[in-house]
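Quick notes on the structure that follows.
The values are calculated or read from the model by the stated rules, or taken from the named source; none is laboratory data. Bear in mind the structure is a predicted one, so any value in this text is a computation, not a measurement. Methodologically, a virtual Cβ is constructed for each residue, glycine included, from the backbone with ideal geometry; neighbour enumeration extends over all protein chains shown. The area values use the complete protein model at the heavy-atom level, side chains included, leaving out ligands, DNA and RNA. Shrake-Rupley method; radii C 1.70, N 1.55, O 1.52, S 1.80 Å.
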Amino acid sequence: MKKQKTRFIVQSALIAALYAALTYVAAALNLAYGPVQFRFSEALTVLAAFTPAAIPGLAIGCFLGNLSSPMILDVVLGTLATLLAAGCSYLTRNIRFKNLPLLSLLFPVIFNALIVGAEITFFLPEGFSVQGYLLNAAWVGLGELVVCYVGGIPLSMALNQPALQRVLK
């Protein structure tokens, strides 16, 4: 029992550290914050379909990664979007297409588009508007879609290997 708890904590911590580090790399390339985001770390959201340790790991990693965001609300709202997405991804982990958790990869796209899109819209110089929200949600969602599927599918394929399955269990 204690070994399982330790494994869960270690996995969560590793995921958090990797997510935060990849977010900072994207930030250094000016890709992590703003209406158009290509956070490489978002490809890691597929991990929630493989281990429950990814749920706190992704949320904590997002929190840490968002500490350098120019929008202070991103620390709370971005983390909330990631936590909700990870939870839903875990709940749908068994719905697979050709052994890939494609539905699980959709939740980060949806939650970030809705929540982060609204957050960005509130900070527009002209103020909140439905048109501005739809545009920001679409841009955030598109960036998420690209990163989650282009990065998440190969990662998922690698994680489906028997040797890695033993590590994640």
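If we sort 64-74, 104-114, 135-145 on the protection proxy, mean other Cβ atoms within 10 Å, highest first, what's the order? Don't jump to the answer; show the numbers that get you there.
Numbers: 64-74: 17.0, 104-114: 23.5, 135-145: 19.8.
Packing order, densest peptide first, comes out as 104-114, 135-145, 64-74.
Hey, can you find the accessible area per residue of the stretch 103-166 for me, probe 1.4 Å, expressed in square angstrom?
Numbers: 3260 Å² over 64 residues.
Heavy-atom SASA per residue in the stretch 103-166 reads 51 Å².
Among 19-25, 150-156, how do they line up from the highest to the lowest mean number of other beta-carbon atoms within 10 Å?
Working: 19-25: 20.6, 150-156: 17.7.
Peptide ranking by packing, descending: 19-25, 150-156.
With θ set to phi - 60°, apply the Karplus curve 6.51 cos²θ - 1.76 cosθ + 1.60 along the stretch 142-149 and write out the HN-Hα couplings as whole Hz, x wherever there is a Gly or Pro.
3J(HN,Hα) across the stretch 142-149, in whole Hz: 5, x, 4, 4, 4, 5, 5, 8.
Of all the accessible heavy-atom surface of the stretch 1-156, with the other protein chains kept in place and a 1.4 Å probe, what percent is carbon and sulfur?
Values: 5910 of 7640 Å².
The nonpolar share, carbon plus sulfur, comes to 77 percent.
If you line up the long axis of helix 106-122 against the longest principal axis of the chain, both from Cα atoms, how many degrees apart are they, to the nearest 10?
The two axes meet at around 30 degrees.
Pick the calculated volume of the Cα convex hull per residue in Å³ for this structure from [x] 103; [y] 122; [z] 157?
[x]
Where does the charge balance sit around ALA27 when Lys and Arg score +1, Asp and Glu -1, over other residues with C-beta under 14 Å from its C-beta?
Working: positive: ARG39; negative: GLU42, ASP74.
For residues surrounding ALA27, the net value is -1.
Among ALA85, ILE60, PHE8, whose Cα projects farthest towards the positive end of the dipole of the chain, with charges put on the beta-carbon of Lys, Arg (+1) and Asp, Glu (-1)?
Farthest along the dipole direction, towards plus: PHE8.
Taking the chain as the reference, fit the longest principal axis to its C-alpha atoms, fit the long axis of helix 73-91 to the helix C-alpha atoms, and give the angle between the two in degrees, 0 to 90, nearest 10.
Between helix and principal axis, roughly 40 degrees.
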